[in-house]
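Chemist: Before anything else, here's the structure in question.
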Amino acid sequence: MPASLVSHTEEVTPAPRHWALLPGAGFADSYRIRLTPQLAKLNTTEIAARMMATQPAWVSALIRLRDRLMAPLGLKQAGDHGGGPAGFPLLLAEPARVVMGMDDRHLDFRLCVEKSPAATGQSADDDQWLTVTTVVRTKRLLGKAYLAAIMPFHRCVARTLLQQVVRQPAGQA
């Protein structure tokens, strides 16, 4: 597959099934990228784990900074989330769809990682998309302020993680 197809992420409209993950949510976004044939053969739990394993150093630094800034407010830190494939509690695991998430004092969120065919009538491993959707329900003013503050970073991180996972050599985890 040409590199230009592999590295391009696009923002797409979250589907109604995504909004249903968190009734009352006020925010959702979805980004997708075309999977390589090697990644298309993996289940979404494996892909989500690879996506977080390939996270660039600047993303890790942002997470550490977020933890330091939010600690005085009593919000959960990155290490407090549990052991799902992306470091968040696993709520649903199916071969083509994984949903992670958690509820905190300031907001609740769901992270959905799913594979889907790019066009109808193709075999399961041919020309598939990986879509990452984040759904957020804010609580209190703190949740709204937090979401507004992280939004520019969230968009960049979501796109970068998708690009990194498809650029990763097939043998790495």
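Bear in mind that the values in this text are calculations on the coordinates, not laboratory data. Since this is a predicted model, take the numbers as computed values, not measurements. Positions of Cβ are backbone-derived with ideal geometry, glycine not excepted, and every protein chain shown enters the neighbour counts.
Chemist: Taking 45 Å as R0, compute the FRET efficiency from the Cβ-Cβ separation of LYS144 and ALA118 and round it to 0.05.
Modeler: After rounding, the FRET efficiency stands at 0.80.
Chemist: Full extension from LYS41 to ALA93: what is 0.36 nm times the residue separation minus their Cα-Cα distance, to one decimal in nm?
Modeler: Here the answer is 17.1 nm.
Chemist: Follow-up question, since we're still on this one. Quickly rank 99-105, 69-75 as a protection proxy: mean count of other C-beta atoms within 10 Å, highest first.
Modeler: Going by the mean number of other Cβ atoms within 10 Å, highest first, we get 99-105, 69-75.
Chemist: Enumerate the calculated ³J(HN,Hα) couplings along the range 142-150 in order (Karplus 6.51 cos²θ - 1.76 cosθ + 1.60, θ = phi - 60°), each rounded to whole Hz, writing x wherever the residue is Gly or Pro.
Modeler: Here the 3J(HN,Hα) series is 4, x, 5, 5, 4, 4, 4, 5, 8 Hz.
Chemist: By per-residue mean of other Cβ atoms within 10 Å, what is the highest-first order of 17-24, 40-47?
Modeler: Highest to lowest by the protection proxy: 40-47, 17-24.
Chemist: Something else about it: For the range 49-54, what does the Karplus curve 6.51 cos²θ - 1.76 cosθ + 1.60, with θ = phi - 60°, yield as ³J(HN,Hα) per residue in whole Hz, taken in order and with x for Gly and Pro?
Modeler: So the Karplus estimates, Gly and Pro as x, are 5, 5, 4, 6, 5, 9 Hz.
Chemist: Subtract the Cα-Cα distance of ALA15 and LEU73 from 0.36 nm times their separation in residues, and report this length gain in nm to one decimal.
Modeler: My answer for the length gained is 17.6 nm.
Chemist: Once you have a ≥ b ≥ c as the square roots of the Cα gyration tensor eigenvalues for the range 1-71, tell me rounded if a/c is under 1.5, and otherwise prolate or oblate according to whether a/b is larger than b/c.
Modeler: Values: a/c = 1.90, a/b = 1.15, b/c = 1.65.
In terms of gyration-tensor shape, oblate.
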